[in-house]
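Have a look at the structure below, then the notes.
The values are calculated or read from the model by the stated rules, or taken from the named source; none is laboratory data. Keep in mind the model is a prediction, meaning the values are calculated, not measured. For the accessible areas, the whole protein counts, side chains as well, though only heavy atoms, and no ligand, DNA or RNA atoms are used. Shrake-Rupley method; radii C 1.70, N 1.55, O 1.52, S 1.80 Å.
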Amino acid sequence: MLTADADGDGRFETLMGDTIEARDGPPVRFRIDVNGGMDRRLWLIADGIPIDIRPLDRVESTHDFTLDVSGRRYVRAELRGHRGRPERGEVIWAMTNPIWIKQPAQ
């Protein structure tokens, strides 16, 4: 599950599918809780571009990250790993819905 602390109060109350306002100040804190991650990789994605790829070595794990959301439209995560022979490449095992980011009117 992907959540965000959009108002900086230390609580991750913004859920997948919600929209946050881009704001001046510190980057927004995000948290992803993974279940089924053993020997897979967590892809953190903003606007369709991977911003971080983290190898996983446990079934369950929690990952926090911060991101300057100015100029971004959404953030989501994917759990990727091999199925069958490794030479066939990775497949997406799971993905989150995005947290949308509303930019200030210009």
Inset, instruction - Whenever you get a sec, line up Met95, Met38 from highest to lowest accessible area (probe 1.4 Å, protein heavy atoms). - result: Met95, Met38
Legend entry - Options (1) 56, 31, 20; (2) 39, 34, 28; (3) 49, 27, 20 - which one matches Cα extents along the principal axes in Å as calculated here: (3)
Inset, instruction - May I ask you to derive the relative contact order of the chain, considering only C-alpha pairs under 8 Å and at least 6 residues apart, and to give it as an integer percent? - result: 30 percent
Legend entry - Heavy-atom accessible area ranking, 1.4 Å probe, most first, across Arg23, Arg88: Arg88, Arg23
